[in-house]
Amino acid sequence: MPPASGPIKYIKFSELDSTQSWAHANPDSWNPQGWTAITAGTQRQGRGSGSTTWHDVAGASLLLTLVSPPLSWSASWVFVRHAQASLATAEWLESRGFSVQLKWPNDLYLNGLKLGGFLTEAYWHGGTCARWFLGIGINVTQAPEGCAHLEGMPLEGMAEAVSAHLVDALGGPIPEATLNRYAQQLLGWQRECGFTDAATGEAFRATPRFVSPDGRLGIQLPSGALRWVGHKEVIWTDWGGLEGRR
């Protein structure tokens, strides 16, 4: 995808139900040829993946949805773009002194506690992604109980800095090593972890070994067999000795 033409269009609210829902409902407000960044000071009905919700402390979080310019991304690479955006966000935070990790497929962790998350959605035209929506929620100056926040990080100007960094990262070809770098950033990577099968309730142990371009996780069982799982098919119960909330 070529770089966006013109500056990022920023649309800011003090309060919304959801930046992601507002983005979908207001296509006339999108930047026609460039990226659009929608932010809010708080969300009444923040969205997570699937049917989950996202809760924030009002005025203390980065709540951001980026809407892409018109695209023609192959469907087979949309998860890789998700991984690229997650990795770029983590590396931006690391450059500011925060040792964050990613939890497959869409969470951000700090010191074993949930710091934030990502929600990616798309509009499709045939077999290609025509518009892409990247939702990000990060606890910055405060966090809900049991979650992490970015101690000492000012919230002011963060939306603009993160948006510019992501647009720059996403504006060119996907770097060849993106999935490998994303995998190396994951909690529990190459460690024997505990899982529960979401359908059967069976508890088992396995070691995350691979991430496929469509976002499935390849986990190796103690027998040596490889099992591929999708999001919500398994529940992570421990990360191989690493503590934290799941």
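Figures for the structure shown
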read-out	value
Within the range 83-121, considering residues that are crowded, with 18+ Cβ neighbours inside 10 Å and touching a Lys or Arg at 6+ places or on another chain (Cβ under 7 Å), the one nearest to ARG47 (Cα to Cα)	LEU119
Filtered residues of the range 125-158 (kept if aromatic (Phe, Trp, Tyr) and either touching a Cys at 6+ places or on another chain (Cβ under 9 Å) or surrounded by 21 or more Cβ atoms within 10 Å (Cβ to Cβ) (or both))	TRP132
Checklist (1) part of a strand (DSSP E or B); (2) touching a helix residue (DSSP H, G or I) at 6+ places or on another chain (Cβ under 7 Å) applied to ARG181, failing item	(1)
Top-ranked residue in the range 216-246 [being on the phi > 0 side of the Ramachandran plot and at pLDDT below 95; ranked as surrounded by the most Cβ atoms within 10 Å (Cβ to Cβ)]	GLY244
Residue count, the range 187-208 (criterion: on the phi < 0 side of the Ramachandran plot and in contact with a helix residue (DSSP H, G or I) (Cβ under 9 Å, 6 or more places away or on another chain))	2
Considering residues of the range 41-76 that are assigned to a strand (DSSP E or B) and within 21 Å of GLU145 (Cα to Cα) only, the residue farthest from the chain's Cα centre (by Cα)	GLN43
Unmet criterion (only one of (1) within 27 Å of GLY146 (Cα to Cα); (2) modelled with pLDDT under 95; (3) not acidic (Asp, Glu)) for PRO213	(1)
Count of residues meeting criterion [outside any helix (DSSP H, G or I), under 10 Å from the mean Cα position of the chain (by Cα) and among the β-branched types (Val, Ile, Thr)] in the range 77-125	1
Some residue of the range 131-154 being touching an Asp or Glu at 6+ places or on another chain (Cβ under 6 Å) and within 19 Å of GLY48 (Cβ to Cβ)	yes
Which listed residue is out of contact with any strand residue (DSSP E or B) (no Cβ under 8 Å at 6 or more places or on another chain) and of a type outside the set (Gly, Ala, Ser), from GLU145, GLU94	GLU145
Conditions (1) within 26 Å of ARG216 (Cβ to Cβ); (2) touching a helix residue (DSSP H, G or I) at 6+ places or on another chain (Cβ under 8 Å); (3) of a type in the set (A, V, I, L, M, F, W, C); (4) modelled with pLDDT of 95 or more; number of the one not met by TRP92	(1)
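The values are calculated or read from the model by the stated rules, or taken from the named source; none is laboratory data. Here the structure is a predicted model, which is why all the values come from computation and not from measurement. As a convention, Cβ positions derive from the backbone with ideal geometry for all residues, glycine included, and neighbour counts pool all protein chains shown.
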